[in-house]
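Okay, so here's the structure we're looking at.
The values are calculated or read from the model by the stated rules, or taken from the named source; none is laboratory data. In this text the structure is predicted, and so the values were computed from the model without any measurement. Glycine also receives a Cβ, built like all others from the backbone with ideal geometry; neighbour counts cover every protein chain displayed.
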Amino acid sequence: MRLPESQWDMPLDYETFAEVGAGVGHGGVVMFDDSVDMAEQARFSMEFCKVESCGKCTPCRIGSTRGVEVIDRIRANDNREANLTLLHDLCETVVDGSLCAMGGMTPFPVQSALKHFPDDFQRAANGDRS
């Protein structure tokens with residue numbers, strides 16, 4: 001199968017999304033216009049998991065908490081490059097180590113934002129580049 005040019009150029013089904021490393025999730029699709037700060041949306045994803053975690057597994061319970069903190073440090077330009085590396089590693093750990101789908105899929109929006117909107121992680125929380 002020829003890989004699509006973008007996520008908009010592919011059928012909305014589990015098999016196609018899985019082939020390109022994307023996910024349909026629980027059947028929901030969220031769209032934003034170009035004014036949305038995707039680093040903030042990545043933070044929201046981690047914070048949602050932090051609040052909703054059952055606490056049973058460490059990668060989800062602690063990983064989501066650390067994820068919020070790391071994204072906050074990135075947005076504060078506190079050792080940004082090292083924290084971006086840490087965020088990538090943290091996402092992999094949470095995906096690989098969580099016991100349930102919620103924990104295991106929490107990093108997907110973060111990883112997608114890092115991949116497709118890296119410039120949003122180069123801006124401070126107030127929108128200024130720093």
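Looking only at residues of the range 45-57 that are without any contact (Cβ under 8 Å) to a residue 40 or more places away in the chain and under 15 Å from C91 (Cβ atoms), we find that the one that is surrounded by the most Cβ atoms within 10 Å (Cβ to Cβ) is K50.
Each residue in the range 63-90 was checked for being surrounded by fewer than 22 Cβ atoms within 10 Å (Cβ to Cβ) and touching a Pro at 6+ places or on another chain (Cβ under 9 Å), and 1 of them qualify. Taking (1) more than 19 Å from S35 (Cβ to Cβ); (2) touching a residue at least 60 places away in the same chain (Cβ under 8 Å); (3) in contact with a Lys or Arg (Cβ under 9 Å, 6 or more places away or on another chain) in turn, F108 satisfies each apart from (3).
Sub-8 Å Cβ pairs linking a first residue in the range 72-100 that is closer than 17 Å to K50 by Cβ to a second residue that is in a helix (DSSP H, G or I) and aromatic (F, W, Y), at least 6 apart or interchain, are I74/F121; R75/F121; V95/F108, ordered by first then second residue.
Could you tell me whether any residue of the range 21-37 is at pLDDT below 90, part of a helix (DSSP H, G or I) and either closer than 16 Å to P107 by Cβ or touching a Phe, Trp or Tyr at 6+ places or on another chain (Cβ under 6 Å) (or both)? No: the range 21-37 contains no residue that is at pLDDT below 90, part of a helix (DSSP H, G or I) and either closer than 16 Å to P107 by Cβ or touching a Phe, Trp or Tyr at 6+ places or on another chain (Cβ under 6 Å) (or both).
Checking each residue in the range 95-115 for being loosely packed, with under 12 Cβ neighbours inside 10 Å and either at pLDDT below 85 or not charged (D, E, K, R) (or both) picks out only A101.
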